[in-house]
1. Using a Förster radius of 35 Å, what is the FRET efficiency between K126 and N102 based on their Cβ-Cβ separation? Nearest 0.05, please.
2. Please report the net charge: other residues with Cβ closer than 13 Å to the Cβ of P49, K and R +1, D and E -1.
3. What residues have an amide H closer than 5 Å to that of A123, excluding those fewer than 5 places away on the same chain, when H is modeled at 1.01 Å from N in the peptide plane?
4. Fully extended, how many nm does the chain gain between K10 and I25 (0.36 nm per residue separation, minus their Cα-Cα distance)?
5. Residue farthest toward the positive end of the dipole of the chain, with Cβ of Lys/Arg at +1 and Asp/Glu at -1: which of V92, F107, F54?
6. Can you tell me the dipole magnitude for the chain around its Cα centre, using point charges on the Cβ only (Lys, Arg +1; Asp, Glu -1), in Debye to the nearest 20?
7. Which distance in nm do the two modelled labels at L141 and M17 give, with both placed 7 Å along the Cα-to-Cβ direction?
8. Using packing as a proxy for protection, rank 18-29, 120-131, 162-173 so that the peptide with the highest average count of other Cβ atoms within 10 Å comes first.
Amino acid sequence: MLKQISKELKRHVPFTMFGAVTGVIIMYMMIRFRASKGISEALFYALHPLHVVFSALVTTAMYKLHGKGKLWVAILIGYTGSIGIATLSDAVIPYLGGGLLNVPMEFHMPFIETAKMPFIGIAKWKIVNSAAVLGIAIGYLKPNTRFPHFGHVLLSTWASLFAFTAFSIANWIPLLPFVFLFLFLAVWIPCCVSDIVFPLLFVRKK
């Protein structure tokens, strides 16, 4: 198992780096054009649920393809693997990254927040948890992992990026190299664990 994990992590380095590069470019453009925190917050709360959908889809599909496909197990794996990892990747790691960079950041956990989403006026926890249910349903009924996994990586990168710009105020230009590092780490290990390692822990056969 450890050898397989190491192999998968190495395989995911190139397009995780690609995602982090796109994130830094987007961040630079938003700073250059002085985009408001409100725009970043709206984008975060749009991308985070999408990240949850893709994460739940891939995690559930991986279990369905390689395991016995029990529905209740698939639901449990899909929910914990998506909500837990998406929260870690999009909210916790950027928050910790801000702390390491001496940038004060607000801490958010969207899957339990009762405040309403920007523009649509629905409680955040309802949207995020519904996204997990949707991803589980798609992953169980039509399991597919390749393209959704790539989409998961990009969405996770961009959601983590907008967490930085939405929930803090800082001069980000000189910090962009460090932002790249945190974006890479926020996606590389959590997404591989969520999509590949976590569901396979519940599969008995090779």
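Laboratory data are not the source of any read-out in this text; all were calculated from the coordinates shown. As the structure is a prediction and not an experimental result, all values here were calculated from the model. Every residue, glycine as well, gets a Cβ built from its backbone with ideal geometry; the counts of neighbours run over all protein chains shown.
1. That gives a FRET efficiency of 0.50.
2. 0
3. Hits under the 5 Å cutoff: M117.
4. 3.0 nm
5. Of the listed residues, the answer is F54.
6. The calculated dipole for the chain is roughly 820 debye.
7. With each label placed 7 Å out from Cα toward Cβ, I get 4.0 nm.
8. 162-173, 18-29, 120-131
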